[in-house]
Amino acid sequence: MESNSKFEAQVYIHRRKVLKEQFTDGLILLMGNNESSMNFRDNWYPFRQDSSFLYYVGIDTPELACVIDLDEDQEIVFGDDLSMDHIIWTGPLPSVADRAAQVGISQTDSLSALHKYLQTARQKNRKIRFLPPYRADREEQLHQLLGIPVSQLNANFSPELVNAVIAQRSYKSAEEVSQMEQAVNISNEMHRLAIQSARPGMKEFELVGQVRGKAISSGGDIAYPIILTINGQTLHNHYYGNTLSEGDMILMDAGSESPLHYAGDLTRTFPVSKKFSSLQKDMYNIVYTAYQKAVDALHPGALFRDIHLLASEELVKGLVGLGIMKGDPKEAVAAGAHTMFFQCGLGHMIGLDVHDMEDLGEQFVGYSKDLQKSTEFGLKSLRLGKALEPGFTITVEPGIYIIPELIDRWEADKQYTDFINYPKLQEIRNFGGIRVEDNFLITDEGSQKLGHYLPLNADEIEAMRS
Ligand code: GLY
Ligand code: MN
Ligand code: MN
């Protein structure tokens, strides 16, 4: 059924069959990604195939498109075979027909034929369904193929197709879970390496190199840019130039892809010294407790938004215990005061994308007709709010982020003075940030952590540092 580096054709045939059953007529256009230039045309970023294309068509090479024509009952892969000029520079590649045959598609044609095919369909007023584009070259390509102005593409994609894709990709099959376990296990090794290698005096980038090297030497590469920083309070920190000093904490958020491009997404926070300071340990334990509460609450039917709020309440309880917050934790969370410390969401769907299917729209992926995504500070960054279901794979990633600029702004604006002890908070304004993150499969009974265990509590982390 499953091999490490390739699913059998039957997997893709079945996925397309299920997709086709959601529609009675028209065309489904699935666009593969193109090479993307770094600085001049032939100097490319590493190629990453579009995830929905990978899911249904499974061909991991650039410059392809697939049409599923429900009226004519045919599936066609469009792409150009390599010319000798290409082969000289990039080497041979199986023909488009051979690549398509491996995923159970027998019809192929050139990219110029795709143009003609869609032109004919448009002349006959046939419905052409496509997914929202997220790359500029794709927008231009869709504009050329469909005659829709670029500015109108986002009003003309097919919400029905988006919903059908999400309805399939949200539920991970056994072979997908196996890929995710592989991704998490490589990610686990990346974290072990960093936790064991970090030394005072090193630069962040020295560790980043080792961590990324681990992903590459495991046969894949990172699933998203590595966050490895002594400034963990900056949520998407991609600066690696700081020197590690005794007393600092390193927040590392890093994950690898599996051979078939499923993502792992793990975070650990550890001291540069052999042990956490007393305050670091107290804060770490608050985050750890919030993580445990959230993980215990993972069950089919539970709203992930409620689990996010539960974890937030746990963070507040701990911060009240340290005198940094005050008042009733439930009331503090209802008022939004916790967002001084936890500005982002508790987690998100994960799969072929680290933020799975986010290109299809966060409202579609993480919410429902009855549950709209909030626009409030804090909740607006919660990418998953809806009820959990067996087969979903998600992250759980609570944190505490002490952001000096936010403290100063909110203190000046007298925000949440009933709940935030500003003098105490000012004393620790340069504390930094802590996050822990693991990946879970929702099961009939509750949840299952993906991959091998990675040391998590403060004692385990310290033991790895000594
Ligand atoms: N690594 C990105 C995230 O945790 O959402
Ligand atoms: Mn994450
Ligand atoms: Mn992460």
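The values are calculated or read from the model by the stated rules, or taken from the named source; none is laboratory data. Keep in mind the model is a prediction, meaning the values are calculated, not measured. Every residue, glycine as well, gets a Cβ built from its backbone with ideal geometry; the counts of neighbours run over all protein chains shown. Quick note on the areas: whole protein, heavy atoms, side chains included, nothing else; ligands and nucleic acids left out. Shrake-Rupley method; radii C 1.70, N 1.55, O 1.52, S 1.80 Å.
How long, wide and thick is segment 340-412, going by the Cα atoms along their three principal axes, in whole angstroms, largest first?
For segment 340-412, the Cα spread along each principal axis is 44, 23, 20 Å.
Please check which bits of segment 194-229 a label hung off TYR134 would reach, taking the label as a point 7 Å along Cα-to-C-beta and the cut-off as backbone N under 18 Å.
221-227
Would you mind checking which residues have amide H under 5 Å from SER256's amide H? H placed 1.01 Å from N; only 5 or more apart, or other chain.
Correct list: SER187, ALA223, GLY264.
Translational diffusion coefficient of segment 308-377 at 20 °C, 1.002 mPa s, Stokes-Einstein with Kirkwood Rh over Cα pairs, in µm²/s as a whole number.
Here the translational diffusion coefficient equals 156 µm²/s.
Expressed as a whole number of Å, what is the distance separating the alpha-carbon centroids of segment 401-424 and segment 117-150?
So the two Cα centres are separated by 49 Å.
Given PHE342, SER278, LEU146, which one lies farthest toward the positive end of the charge dipole of the chain, if we put +1 on the Cβ of every Lys and Arg and -1 on the Cβ of every Asp and Glu?
In the chain, that residue is SER278.
Semi-axes, largest first, in whole Å: what does sqrt of 5 times each Cα gyration tensor eigenvalue give for segment 271-326?
25, 14, 6
Give the relative contact order (percent, whole number) for the chain; include only Cα pairs under 8 Å separated by 6+ residues.
Over the chain, the number comes to 14 percent.
Provide, as a two-decimal number, the C-alpha radius of gyration of segment 192-291 over 2.2 N^0.38 Å, N being how many residues it has.
1.09
Would you compute, from DSSP H runs of 4+ residues alone, the mean residue ellipticity of the chain at 222 nm, taking -39500 (n - 2.57) per run and dividing by the full residue count, rounded to the nearest 500?
The helix-only estimate for the chain comes to -11500 deg cm²/dmol at 222 nm.
Using alpha carbons only, how many angstrom separate the centre of segment 159-181 from the centre of segment 290-321?
After rounding, the separation between the Cα centres reads 26 Å.
Where the convex hull is taken over the Cα atoms of segment 349-458, what is its projected area averaged over directions, in nm²?
So the mean shadow area of the Cα hull is 9.9 nm².
Would you mind telling me the share, in percent, of accessible area of the chain contributed by carbon and sulfur at probe 1.4 angstrom?
With neighbouring chains kept in place, the figure for the chain is 50 percent.
Roughly speaking, what % of Cα-Cα pairs in the chain are separated by over 38 Å, rounded to a whole number? It would help to have the intermediate numbers written out before the result.
On the way: 32590 of 108345 pairs.
Considering the chain, 30 percent of its Cα-Cα pairs are separated by more than 38 Å.
What do you reckon, how do SER170, SER151, SER447 stack up by accessible area (1.4 Å probe), largest on top?
SER151, SER447, SER170
Between LEU193 and ASN34, how high is the FRET efficiency from 1/(1 + (r/R0)^6) when r is the Cβ-Cβ distance and R₀ = 25 Å? Nearest 0.05. Walk me through the numbers on the way to the answer.
Numbers: r = 34 Å, r/R0 = 1.35.
After rounding to 0.05, the efficiency reads 0.15.
Projected onto the charge dipole of segment 347-466 (+1 at Lys/Arg Cβ, -1 at Asp/Glu Cβ, origin at the Cα centre), which of ILE402, GLY351, GLN415 gives the Cα projection farthest towards the positive end?
Going by the Cα projections, it comes out as GLN415.
Taking the alpha carbon gyration tensor of segment 379-425, what are the square roots of 5 times its eigenvalues, largest first, to the nearest whole Å? Each step should come with its number before you reach the end.
Working: eigenvalues 215, 26, 19 Å².
With the √(5λ) rule applied to segment 379-425, the semi-axes are 33, 11, 10 Å.
Using Cα atoms only, what is the angle between the long axis of helix 304-321 and the major principal axis of the chain, expressed in degrees (0 to 90) to the nearest 10?
Roughly 20 degrees, rounded to the nearest 10.
Give me the accessible area per residue for segment 277-354, probe 1.4 Å, as a whole number in Å². Let's see the in-between values first.
On the way: 2560 Å² over 78 residues.
I get 33 Å² per residue for this part.
Which FRET efficiency, nearest 0.05, do TRP89 and SER217 yield, Cβ-Cβ r, R0 35 Å? Mind showing how you got there, number by number?
Working: r = 26 Å, r/R0 = 0.75.
E between TRP89 and SER217, to the nearest 0.05, is 0.85.
Tell me the label-point distance for the pair THR24, ASN163, using the 7 Å Cα-to-Cβ offset, in nm and rounded to one decimal.
For the pair THR24/ASN163, the computed spacing is 1.6 nm.
Can you tell me the convex hull volume per residue for segment 271-424, based on C-alpha atoms, in Å³ to the nearest whole number? Provide the component values of the computation, followed by the final result.
On the way: hull volume 21.5 nm³, N = 154.
Dividing the Cα hull volume of segment 271-424 by its residue count gives 140 Å³.
Using every pair of alpha-carbon atoms in segment 127-263, split the distances into 10 Å bins beginning at 0 and state the percent of pairs per bin, rounded to integers.
The percentages, shortest bin first, are 11, 27, 23, 23, 12, 3, 0.
Just to confirm, what accessible area per residue do you get for segment 1-100 at 1.4 Å probe, in whole Å²?
Averaged over the residues of segment 1-100, the accessible area is 52 Å².
Taking the Cα centre as origin and putting +1 on Lys and Arg beta-carbons and -1 on Asp and Glu beta-carbons, what dipole magnitude results for segment 207-343, to the nearest 20 debye?
On the way: 11 positive and 13 negative charges, 55 e Å.
About 260 debye.
Please compute one quarter of the surface area of the Cα convex hull for segment 236-311 and express it in square nanometres.
Working: hull surface 30.5 nm².
The orientation-averaged projected area of the Cα hull of segment 236-311 comes to 7.6 nm².
Residues with amide H under 5 Å of ILE128's amide H, sequence separation 5 or more or different chain, H placed in the peptide plane at 1.01 Å from N; which?
Here LEU27 satisfy the definition.
Using Cα pairs under 8 angstrom and six or more residues apart, how large is the relative contact order of segment 245-392, in percent?
23 percent.
Evaluate the distance, in nm, between pseudo-label points positioned 7 Å from the Cα of ALA97 and of ASP80 along their respective Cα→Cβ axes.
A separation of 1.9 nm, rounded to one decimal place.
Would any residue of segment 367-392 have its amide N under 14 Å from a label point 7 Å out along Cα→Cβ of LYS17? List them or say none.
none
Could you grab the relative contact order for segment 344-466? Cα pairs under 8 Å, six or more apart, rounded to a whole percent. Before the final figure, lay out the partial values.
On the way: 150 pairs, mean separation 31.4, N = 123.
The value is 26 percent.
At 25 °C and 0.890 mPa s, grab the translational diffusion coefficient of segment 89-146 from Stokes-Einstein with a Kirkwood Rh over Cα pairs, rounded to a whole number in µm² per second.
Value of D from the Cα-based Kirkwood radius: 179 µm²/s.
Any idea what angle helix 174-197 forms with the longest principal axis of the chain, computed on alpha-carbon atoms, 0 to 90 degrees, nearest 10?
Once rounded, the angle reads 40 degrees.
For segment 1-120, list log₁₀ I(q)/I(0) at each q in 0.11, 0.13, 0.14, 0.20 Å⁻¹, using the Debye formula over Cα point scatterers of equal strength and ignoring solvent, two decimals each.
-0.40, -0.55, -0.63, -1.20
Provide, for q = 0.21, 0.26 Å⁻¹, the log10 of I(q)/I(0) from a solvent-free Debye sum over equal Cα point scatterers in segment 67-113.
-0.73, -0.95
Extension gain HIS299-LYS124, at 0.36 nm per residue separation less the Cα-Cα distance, in nm?
58.2 nm
Would you mind checking which residues have amide H under 5 Å from ASP356's amide H? H placed 1.01 Å from N; only 5 or more apart, or other chain.
MET349, ILE350, GLY351
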